[in-house]
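Right, one structure below, let's go through it.
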Amino acid sequence: MKARDIMTRDPAVVTPDEPVSRAAELMKQRDIGMIPVVNDRSHMRLEGVLTDRDIAIRFVAEAAARDGSAASVLPPALLTPALRTAGAFGEARARR
């Protein structure tokens, strides 16, 4: 078996100059946690990889530290009733 037999034929990729939001959008659409960063779409030379963790730690965390709450980014199905009512972690009290 060769690599070409199992690899994705038309992978989702981004170039270094594309916005981070584009990478996140592609990850969401394809349900993937990593996307290759290539020099350009014609040559497809790998420059690196961008992961969902990279986006969360290096991009989102900086903005969220200033003005967001964790509850604001959780899908509604994952919110506890107390958080749905309070609307933010800071307003809800966790019980043990």
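Every number here is computed from the coordinates shown, using simple stated rules; none is lab data. Nothing here was measured: the structure is a model prediction, and the numbers come from that model. Don't worry about glycine lacking a Cβ; one is built from the backbone with ideal geometry, like all the others, and counts go over all protein chains shown.
When the Kirkwood hydrodynamic radius is evaluated over all pairs of different C-alpha atoms of the stretch 1-65, what value in angstrom, to one decimal, is obtained? Taking the inverse mean of 1/r over all distinct Cα pairs, the stretch 1-65 comes out at 12.8 Å.
Taking 12 Å as the cut-off, the amide N atoms of the stretch 1-15 that come nearer than this to a point 7 Å along the Cα-to-beta-carbon line of ILE32 belong to 7-15.
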